[in-house]
Amino acid sequence: MPASTDPDTIAFYQARAPHYVLKFGQAPSYQLDPFLDRLPEGASVLELGCGGGQDSARIAARGFVVDATDGTPAMVAKANERFGVGARVMAFDKLVAKAAYDGVWAHASLLHCPRAALADVLMRIDRALRPGGWFFANYKLGEAEGRDDLGRFYNFPDADWLTAQYATSAGWQIAETRRYTAGGFDNVERDWIDLVVQKA
């Protein structure tokens with residue numbers, strides 16, 4: 001199975017963690033609260049790619065139990081330094097939990113997972129969710145995986161390929177999709193897609 005994380009991308013975030021947090025780590029993602037509203041009181045939530053920790057802090061502030069993870073040690077250090085969320089280093093393919101979470105939050109993180117490894121990661125997420133659990137992820141859309149001008153690796157899927165991966169990797173029901181245009185750390189406007197799914 002191919003690695004689920006690209007070494008050059010991890011190295012980028014390791015070197016740029018302070019700058020990235022200053023640009024994107026000040027407020028929780030606007031998609032977060034609507035996602036959390038779907039979860040039962042006191043739910044357990046895994047965050048994949050916690051970055052500077054602002055989303056994990058919001059999850060905890062809402063009364064949920066959060067397990068904050070990121071593949072980049074410098075990001076984990078920033079999250080703990082800023083919010084004390086108990087973040088830990090974990091690559092996507094190291095997720096081995098079984099029926100441990102009511103929700104999995106993966107904002108702007110799985111878009112770095114190589115296409116050949118994505119199906120395995122999605123199955124791991126499905127296994128980690130309890131029945132009826134919810135999962136959010138978003139991706140930058142495109143036609144072929146590759147790197148941006150900063151050297152970061154992206155899977156750049158098209159919407160049909162991506163939804164097919166979800167359909168074949170796990171027993172999920174797609175509850176919501178949303179397409180939009182947004183910028184990023186490279187200041188390039190791209191098409192994005194949000195997917196909110198529920199485990200049967």
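Readers should treat all values here as calculations from the given coordinates under stated rules, not as data from a laboratory. Bear in mind the structure is a predicted one, so any value in this text is a computation, not a measurement. Don't worry about glycine lacking a Cβ; one is built from the backbone with ideal geometry, like all the others, and counts go over all protein chains shown.
Summed over qualifying helices (DSSP H, 4 residues or more, each -39500 (n - 2.57)) and divided by its residue number, the chain shows a 222 nm mean residue ellipticity of -10000 deg cm²/dmol.
As a footprinting exposure proxy, order D160, D186, D194 by other Cβ within 10 Å, with the fewest listed first. List each step's numbers first, then the result.
Numbers: D160 7, D186 11, D194 16.
Least crowded to most crowded, the residues run D160, D186, D194.
Considering only F153, F83, F136, the mean-square fluctuation computed in a Gaussian network model of the chain, springs between alpha carbons under 10 angstrom, is largest for F83. Applying the Karplus relation 6.51 cos²θ - 1.76 cosθ + 1.60 with θ = phi - 60° to segment 176-192 yields 3J(HN,Hα) values of 7, 10, 8, 10, 6, 10, 8, x, x, 4, 8, 6, 10, 6, 9, 7, 10 Hz, where x marks Gly and Pro.
Cβ crowding within 10 Å, taken as a proxy for footprinting-reagent exposure, orders H19, H107 from fewest neighbours to most as H19, H107. With contacts taken as Cα pairs under 8 Å and at least 6 residues apart, segment 7-199 reaches a relative contact order of 19 percent.
Could you put V85, V188 in order, starting from the residue whose Cβ has the fewest other Cβ atoms within 10 Å? Write out the running numbers ahead of the final one.
Working: V85 22, V188 12.
Fewest-to-most Cβ neighbours within 10 Å comes out as V188, V85.
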